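Heads up, the thing below is written out as structure tokens.
The values are calculated or read from the model by the stated rules, or taken from the named source; none is laboratory data. As the structure is a prediction and not an experimental result, all values here were calculated from the model. No Cβ is skipped: glycine too gets one built from the backbone with ideal geometry, and neighbour counts run over all protein chains shown. When the accessible area is computed, the model is the full protein with side chains, heavy atoms only, and any ligands, DNA or RNA have been set aside. Shrake-Rupley method; radii C 1.70, N 1.55, O 1.52, S 1.80 Å.
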Amino acid sequence: MTPSPRPSRRARMGFGLAAFALFTAFAFIPPAEAAESAGPLAPASLRCEYLANPMGIDMARPRFFWVIGHAERGQTQSAYQILVSTDPKAAAGDIWDSGKVASPKSIQIPFAGKALESGKSYFWKVRNWDRDGRESPWSTVARFDTGLFDKSDWKGVWIGNKNQLRKEFVLKGRVKRARAHIAGLGYYELRLNGRKVGDHVLDPAWTTYEKRVLYATYDVTMALRDGANAVAVMLGEGWYKSRVLLFQLNVEMEDGSAANIASDASWKAADGPLFADSVYNGESYDARRETPDWDRPGFDDKAWPAAETVKGPAGVLSAQLMPAIRVVDTIVPFRMTSPLPGVYVFDMGQNFSGWARLRVEGLRGTDVRLRFAELLYENGTLNQETLRSAQAEDHYILKGGGEETWEPRFTYHGFRYVEVTGFPGTPQLDSVRGRVVHTAVDPIGSFAASKDVLNGLQRIITWGQKTNLHSIPTDCSQRDERMGWMGDAQGTAEEAIMNFDMAAFYTNFMRDIRDVQDEKGRITDTVPHIWGSRPADPAWGTAYPLICWYMYQYYGDTRVLEEHYDGLKKYVEFLKSTAENGVLKWSHYGDWVAIEKCPGAIVSSFYYYYDAKVLADAARVLGKSADAALYDKLAAEIRVAFNREFYDPKTGDYADGTQTANTLALFLDLPTEKHGGASGRLFDDIVYEHDSHLTTGIIGTKYIMELLTRNGNADLAYDIACKTDFPSWGYMIANGATTLWELWNRREGPSMNSHNHPMFGSVGSWLYKALAGINLAPGTSGFEKVLIAPQMVRDLTHASGSTVTVRGEVACAWARTERTVRVEVIVPMGSEAEIVIPKLGIRNITVTESGRTVWAGDKFHAGIDGIVDGADKDGAIRVKTGSGRYVFLLEGD
């Protein structure tokens, strides 16, 4: 069977709003067949500021996106019109009517209407015209809500020091609109009239609290009632290590009146059944201390003391615009064992982040203990050595009187195994469920291939990546760490972008980095800064410029460059101030966890050059020509210094000749002709000295696979990826890994031993770029132009991949036999593509597309819709197309 790409998101979801998360307004205009009189063009999928659920946008000029569907290939948008209204039908355009704007742009369109008001709802829609001037129907209407723009909009004060807070209030009449704004630190659970509000957990996101505190906004219109109402909040310590609350409920009534309920000393407070909670150590809950109906109106709280007003964090209040942490899945245990009397171990079959949900029945006061770990000892008991000092232990004390179900609120664990002790009787397999918890970024990518080890690699990469997204990109999810290490973040960013919708997540993380930057331009190894140094190791600090640049490349996001340009410039100037004759000789970590250690100075200097180049390119994008020339000159000077300092003319190597040293020099084309030889030396080292294995750490690994592929050695990169002996990704899989390890080897001890550590996952982007062939065309951004260039290597007979971009889905699936090559491609409207179909030594070829001849007799055959041109170059037929779905078949002798 020939593989084909998965159906487009449009086909999978049907027509309507797309659940897609970038930081801007986003719309779906259905294809023309859904509107008989509309002609063949139709916009599709609206979004405002990278948000799937745009609540509480606290910016004056949000941006708008839409994805376009069209029945014809090769079509483009020639113009658009946006209406923004206070009217739910978005008919009036009373806030903004863009008029008909002649432009092919469908992403990053900034709002240009009347000033938006704080705490309001707005509705918008878009229509567009194709290249032939045909008009689409209006899109479905999308809504976005503004948050609280000014500090003066907040009427409440910080209260806290207890873990349960409540307030009753009375409303008269029907509620027209109600929004709850909450910043509950360290974590909160918001309840209205006896029910939890929303599906956020471990909220709000972790920030540098003295600089920024995030608040969430909820639409609670349907949760309120005529008469008595009650708002209640549970608080956990979280990363803030204290319990404080700032709350505001703004209510508009149908009769035109309004009500405002804010946190103040009139609230009541008490300590409830939650008597201990810690991110690392777990949560303890005594159900005997529950107070029924405490979160409902009419509860007698006379014995509760008044809430204390407290000093809150100093940081500015900002809307939490990225996806929240949520419970995203529930796992049924794979098996249960009992290695010791009264000890029951549940194997979830997968390492992940989250917690366990317990179902139990027993006597009042029974203390059930749940402990968590990634590993077991040989006797089947729990091995918590990889957790170091993190206790990872939850307690539930039964209230008695029937079956009870419980799960924690304010902790999370990284684990595969759950040990249960103190259970009354003998548990069943369904007594415990695994709850998968992480920032709920939308999965947008998929990859599969004929080589099963590659499918296993994709699996452990995506599980490791998503379960280490906990409002920041963490290094691990289990031990006493879980920090936003910047080296890990930058190393995996491209892989994450291909697999998940990371735009809003990284927009927030770049703001986090800016918040820790000091006046000298220095940033820190971890963000928020808890561990590590200031200044950050250059290979860690580079997360700031590199992820900003990836945001521009993959999402076409110029605003992120605008907002952070000054910070990036300060950072590069700081590096320059510490350089010695153009070389950065200082380093904290270098090529972290490499098998063969690479000198830290060459790693630092590589990133000094890279960061200068990124800054010059960013300046060019923003029209800062003088700065572009200045940093081009700096990069050229660093290049000369790099070769002078690190190239050894006697050996042809850079530095000590490790794989990483030569890879870094070659990846950015640092060698000149007189500094040649490093490429051959690198090849020989990998093939002949290490039997096609890597000796690189996380830095060298990030670049070596792409470098080999770019230099015509894709077969070697494939050999490396498919190895199953030490050291390799396949070795991890062969030894039971379900997420990536921290080290190439299965080290189990009290230190470097995490079994869920995504930093070696950079190879994930290579799976998409090389084997599935999905690439940004050089020098372009936002997938405006796509290069489809699958590497049909060794014994790989087929592969497929797809990813949802800001313009829509890009997909490629290919299969080959001895005499045929089949390539199926999806190109979104608004994009152009060059599709590379390797000839693989096949002679006397013809190429057809859906049965029609494209290439025969060494000639390109024109006339097929959407296909612009073709050429025979570099051992492949290269076809240029517009948007649409194409199925090419190359046949010959």
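Of note:
- Residues that are part of a helix (DSSP H, G or I), of a type in the set (A, V, I, L, M, F, W, C) and more than 20 Å from residue 497 (Cβ to Cβ) within the stretch 510-547 comprise just one, 516.
- Filter result for the condition that a residue is under 29 Å from residue 185 (Cα atoms) and either touching a residue at least 40 places away in the same chain (Cβ under 8 Å) or under 26 Å from the mean Cα position of the chain (by Cα) (or both), over 366, 421, 386: 386
- Of all residues in the stretch 132-164, those satisfying the criterion of being in a loop (DSSP other than H, G, I, E, B) and open to solvent by less than 20 Å² (accessible area, probe 1.4 Å) are 136, 139, 147, 148, 156, 163.
- In the stretch 760-778 there is no residue that is at positive phi and open to solvent by 10 Å² or more (accessible area, probe 1.4 Å).
- For residue 129, the conditions (1) of a type outside the set (A, V, I, L, M); (2) assigned to a strand (DSSP E or B); (3) open to solvent by 40 Å² or more (accessible area, probe 1.4 Å) are fulfilled apart from (3).
- Checking each residue in the stretch 165-178 for being in a strand (DSSP E or B) and open to solvent by 10 Å² or more (accessible area, probe 1.4 Å) picks out 167, 168, 169, 170, 175, 176, 177.
- Residue 513 being under 17 Å from residue 759 (Cα atoms), open to solvent by less than 20 Å² (accessible area, probe 1.4 Å), of a type in the set (Val, Ile, Thr) and within 17 Å of the chain's Cα centre (by Cα): no
- Residues in the stretch 802-825 that are of a type outside the set (Gly, Ala, Ser), in a strand (DSSP E or B) and under 23 Å from the mean Cα position of the chain (by Cα): 803, 804, 805, 809, 810, 812.
- Residue 889 part of a strand (DSSP E or B), in contact (Cβ under 8 Å) with a residue 12 or more places away in the chain and either under 13 Å from residue 821 (Cα atoms) or touching a helix residue (DSSP H, G or I) at 6+ places or on another chain (Cβ under 9 Å) (or both): yes
- Residue pairs meeting the criteria (Cβ under 7 Å; at least 6 apart or on separate chains; first modelled with pLDDT under 95, in the stretch 844-860; second part of a strand (DSSP E or B)): 858/872
- Entry remark, the stretch 766-801: residues being assigned to a loop (DSSP other than H, G, I, E, B), out of contact with any Cys (no Cβ under 6 Å at 6 or more places or on another chain) and aliphatic (A, V, I, L, M) number 5 in total.
- Of all residue pairs spaced 6 or more apart or on separate chains, those with beta-carbon atoms under 8 Å, a first member in the stretch 570-589 that is β-branched (Val, Ile, Thr) and a second member that is open to solvent by 80 Å² or more (accessible area, probe 1.4 Å) and at pLDDT 95 or above are 583/645.
- Note on the stretch 244-260: residues that are touching a Phe, Trp or Tyr at 6+ places or on another chain (Cβ under 9 Å) and open to solvent by 10 Å² or more (accessible area, probe 1.4 Å) total 1.
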